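**Student:** Encoded as structure tokens, here's the structure I'll be asking about.
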Amino acid sequence: MKNRIVAGKTIAQWTKEFPIIEDLMSTKEVFWTNPKYSSFEEAIKKVALNECHVKDAEERLLRFAPFIAKLFPETVKLNGLIESPIVKISNMKNELSKMFNQKLPGQMLLKCDSHLAIAGSIKARGGIYEVLKHTEDLALEHGLITVNDDYSKLTDEKYRKFFNQFTIQVGSTGNLGLSIGIMSAKIGYKVVVHMSSDAKQWKKNLLRSKGVTVIEYAFDYSKAVEEGRKISDADPMSYFVDDENSTNLFLGYAVAASRLKKQLDEMNIVVDKEHPLFVYLPCGVGGGPGGVTFGLKLIFKDDVHCFFAEPTHSPCMLLGMLTNKHDEVSVQDFGIDNITAADGLAVGKPSGFVGKTLENLLSGVYTVQDDKLYMLLSTMADSENIYLEPSALAGVPGIVNLFKNEPATEYLKKHNLSDKMNNATHIAWATGGSLVPKDVMDEYYNKGVYLRNC
Ligand SMILES: *Cc1c(COP(=O)(O)O)cnc(C)c1O
């Protein structure tokens with residue numbers, strides 16, 4: 001193992017250069033702060049995307065709002081916007097304090113993307129946005145609409161027939177497939193979802209019930225993407241949603257930030273130099289948490305600190321950023337198995353596009369054990385009556401980690417935050433869960449209760 005060559009160096013050389021890799025290889029929990037994190041002003045100079053791109057995505061979603069409201073009546077109350085609530089979780093914070101024997105100053109909120117309409121996960125942001133973007137491109141190109149039209153007319157049968165000539169394909173661990181599949185099928189497209197081996201049976205069943213073709217692979221996510229891309233590229237009428245490299249997905253996720261800002265304003269929650277904001281985001285390939293982080297940095301700049309959370313068995317973004325080799329390395333290269341209960345985060349190789357874009361904007365990454373995710377799942381259910389899938393709990397211990405780890409303490413000191421923590425707001429991004437069938441959720445819950453009692 002030590003002599004295996006990974007991206008030009010032996011593993012022995014890598015671990016000598018970055019000792020934390022030893023801990024990653026033995027699947028210990030770690031907390032890593034990004035040595036390249038820099039001021040917003042400096043960091044943003046190196047990024048090709050900017051607030052105009054996010055604004056453009058935001059406006060596109062507004063154009064589609066009447067269309068969404070017509071296709072999905074559950075979105076009518078938000079006028080066709082797909083947006084999630086944010087809630088204070090003081091009970092859960094008390095439970096965390098007890099569980100980990102740790103004082104936790106500041107207030108804690110949960111951003112409930114678990115309860116986003118249509119797809120029940122954060123993928124309802126990026127995935128649906130990209131399908132809509134493609135739909136608008138096709139409709140404009142074929143003269144079906146102008147940008148000033150009421151897009152709800154695209155729900156007419158003649159347009160459904162038009163879209164049915166085209167295919168949309170995607171590789172997924174489950175939730176992206178649900179989001180793209182449900183949306184595309186509803187618009188009228190033919191849809192093919194390439195599922196990795198970790199994808200849950202109920203997700204495949206749900207998609208098939210909507211007329212989506214599901215192709216299963218015995219391999220992990222990266223392979224499902226690779227195969228899907230190949231098959232789609234061979235068909236000129238097919239469009240592939242590329243989770244590893246898509247700017248559209250990324251921008252769809254980024255729109256979350258301005259909407260969050262509005263919610264915080266409504267709750268009278270101030271974010272400024274004296275009132276820092278900490279956000280903890282579960283990370284798979286990186287697009288979801290990356291897009292949200294990018295959007296948040298554009299708005300709150302140096303006053304927001306974003307950390308990614310990965311399973312101890314799938315720390316792909318951490319390895320990619322740490323080694324600066326991004327998508328040239330996988331967790332499997334380092335002998336880590338990429339097997340985790342957090343199926344939404346079961347990704348062995350990160351998005352190079354996201355890792356590079358966030359190179360100077362991301363504050364850090366920590367890892368979480370599966371057992372802890374289950375324990376947090378049942379505790380969240382008992383204390384707040386909120387039911388999440390295991391992946392979605394990964395952001396929840398972030399607040400604890402920030403006070404319990406030496407690198408985190410140093411980070412707070414370095415950025416003059418130590419004396420401001422009583423004024424801080426912590427947001428755990430709950431990325432999925434509301435579509436999980438009851439029997440599956442009961443199993444998760446019982447496992448959490450069992451683990452807490454033993
Ligand atoms: C996909 C997903 C994530 C992470 O998003 P990536 O874009 O893969 O990093 C987190 N949580 C859940 C529940 C997901 O489905």
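Only the coordinates and a few stated rules stand behind these numbers; no lab work does. Quantities reported herein were computed from a predicted structural model and do not represent experimental measurements. Don't worry about glycine lacking a Cβ; one is built from the backbone with ideal geometry, like all the others, and counts go over all protein chains shown.
**Student:** Just to check I understand the Karplus step: with θ = phi - 60° and J = 6.51 cos²θ - 1.76 cosθ + 1.60, what whole-Hz values come out for region 236-243, glycine and proline as x?
**Tutor:** x, 8, 10, 10, 9, 8, 9, 4
**Student:** Per residue and in Å³, how big is the convex hull formed by the alpha-carbon atoms of the chain?
**Tutor:** Working: hull volume 64.0 nm³, N = 454.
It comes to 141 Å³ per residue, whole-number rounded.
**Student:** Using the crude model of +1 on Lys and Arg Cβ and -1 on Asp and Glu Cβ, and no other charge, please compute the dipole size for region 66-106 relative to its Cα centre, in debye to 20.
**Tutor:** Details: 6 positive and 3 negative charges, 39 e Å.
Dipole of region 66-106, to the nearest 20 debye: 180 debye.
**Student:** Evaluate the charge dipole of region 1-143 about its Cα centre and quote only its size in Debye, nearest 20, assuming +1 on the Cβ of each Lys and Arg and -1 on the Cβ of each Asp and Glu.
**Tutor:** The dipole magnitude comes to about 560 debye.
**Student:** Hey, what number do you get for the chain at 222 nm if only DSSP H runs of n ≥ 4 count, each worth -39500 (n - 2.57), divided across all residues, to the nearest 500?
**Tutor:** On the way: 19 runs with 204 residues, N = 454.
Value at 222 nm, helices only, nearest 500: -13500 deg cm²/dmol.
**Student:** Within the P(r) computed for region 1-101, what percentage of the Cα pairs occupies the region above 15 Å?
**Tutor:** Of all Cα-Cα pairs in region 1-101, 80 percent lie more than 15 Å apart.
**Student:** Near LYS98, which aspartates and glutamates are there with a Cα under 18 Å away, not counting those fewer than 8 places off in the same chain?
**Tutor:** ASP371, ASP382, GLU384
**Student:** Which values, in whole Å and largest first, are the semi-axes of the equivalent ellipsoid of region 364-434 obtained as the square root of 5 times each eigenvalue of the Cα gyration tensor? It would help to have the intermediate numbers written out before the result.
**Tutor:** Working: eigenvalues 133, 35, 19 Å².
Listed largest to smallest, the semi-axes of region 364-434 are 26, 13, 10 Å.
**Student:** Could you derive backbone 3J(HN,Hα) for region 177-186 from the dihedral phi with the Karplus parameters 6.51, -1.76 and 1.60 (θ = phi - 60°), listing whole Hz in sequence and x where the residue is Gly or Pro?
**Tutor:** For region 177-186, the Karplus-derived couplings read x, 4, 5, 5, x, 4, 5, 5, 4, 5 Hz, x marking Gly and Pro.
**Student:** Here is a further query. Extent of region 122-249 along each principal axis, from alpha carbon coordinates, in Å, largest to smallest?
**Tutor:** Projected onto the principal axes, the Cα atoms of region 122-249 cover 44, 27, 27 Å.
**Student:** Of all DSSP beta bridges in the chain, what percent run antiparallel (nearest 5)?
**Tutor:** 20 percent
**Student:** Now a separate question. Rg over Rh of region 286-379, using C-alpha atoms and the Kirkwood radius, what does it come to?
**Tutor:** Values: Rg = 13.6 Å, Rh = 13.7 Å.
On the Cα set of region 286-379, Rg over Rh gives 0.99.
**Student:** Now a separate question. What whole-number distance in Å separates the alpha-carbon centres of region 228-260 and region 130-207?
**Tutor:** Distance between centres, Cα-based: 12 Å.
**Student:** Here's a follow-up. Normalising by the residue count of region 122-249, find the relative contact order in percent from Cα pairs under 8 Å and 6+ residues apart.
**Tutor:** It comes to 28 percent, rounded to a whole number.
**Student:** Kindly write out, for region 146-152 in residue order, the coupling ³J(HN,Hα) from the Karplus curve 6.51 cos²θ - 1.76 cosθ + 1.60 (θ = phi - 60°), rounded to whole Hz, with x marking Gly and Pro.
**Tutor:** Here the 3J(HN,Hα) series is 10, 5, 8, 6, 7, 5, 5 Hz.
**Student:** Considering amide H positions built from the backbone, and no H for Pro or chain starts, which residues 5 or more places from HIS305, or on another chain, come under 5 Å of its amide H?
**Tutor:** LEU277, PHE278, VAL279
**Student:** Tell me the angle of helix 256-266 to the major Cα principal axis of the chain, expressed in degrees between 0 and 90 and rounded to the nearest ten.
**Tutor:** The helix 256-266 is inclined about 70 degrees to the chain.
**Student:** I would also like to ask the following. Under the definition of Cα pairs under 8 Å and six or more residues apart, what whole-number percent is the relative contact order of the chain?
**Tutor:** 21 percent
**Student:** Dipole magnitude of region 205-245 about its Cα centre, charges +1 at Lys/Arg Cβ and -1 at Asp/Glu Cβ only, in debye to the nearest 20?
**Tutor:** Approximately 260 debye in magnitude.
**Student:** Okay, next question. Measure nothing but the geometry: give the 0 to 90° angle between the long axis through the Cα atoms of 51-71 and the longest principal axis through the Cα atoms of the chain, rounded to 10°.
**Tutor:** 50 degrees
**Student:** Additional query: For the cross-link pairs LYS123/LYS262; LYS9/LYS413; LYS133/LYS301; LYS262/LYS301; LYS123/LYS190, which exceed 24 Å when the distance is taken from alpha carbon to alpha carbon? Display every interim value, and only then the final one.
**Tutor:** On the way: LYS123/LYS262 21 Å; LYS9/LYS413 34 Å; LYS133/LYS301 28 Å; LYS262/LYS301 16 Å; LYS123/LYS190 19 Å.
Beyond 24 Å between Cα atoms: LYS9/LYS413; LYS133/LYS301.
**Student:** Kindly express, to the nearest 10 degrees and within the range 0 to 90, the angle between helix 438-453's C-alpha long axis and the longest C-alpha principal axis of the chain.
**Tutor:** Helix 438-453 sits roughly 0 degrees off the main axis of the chain.
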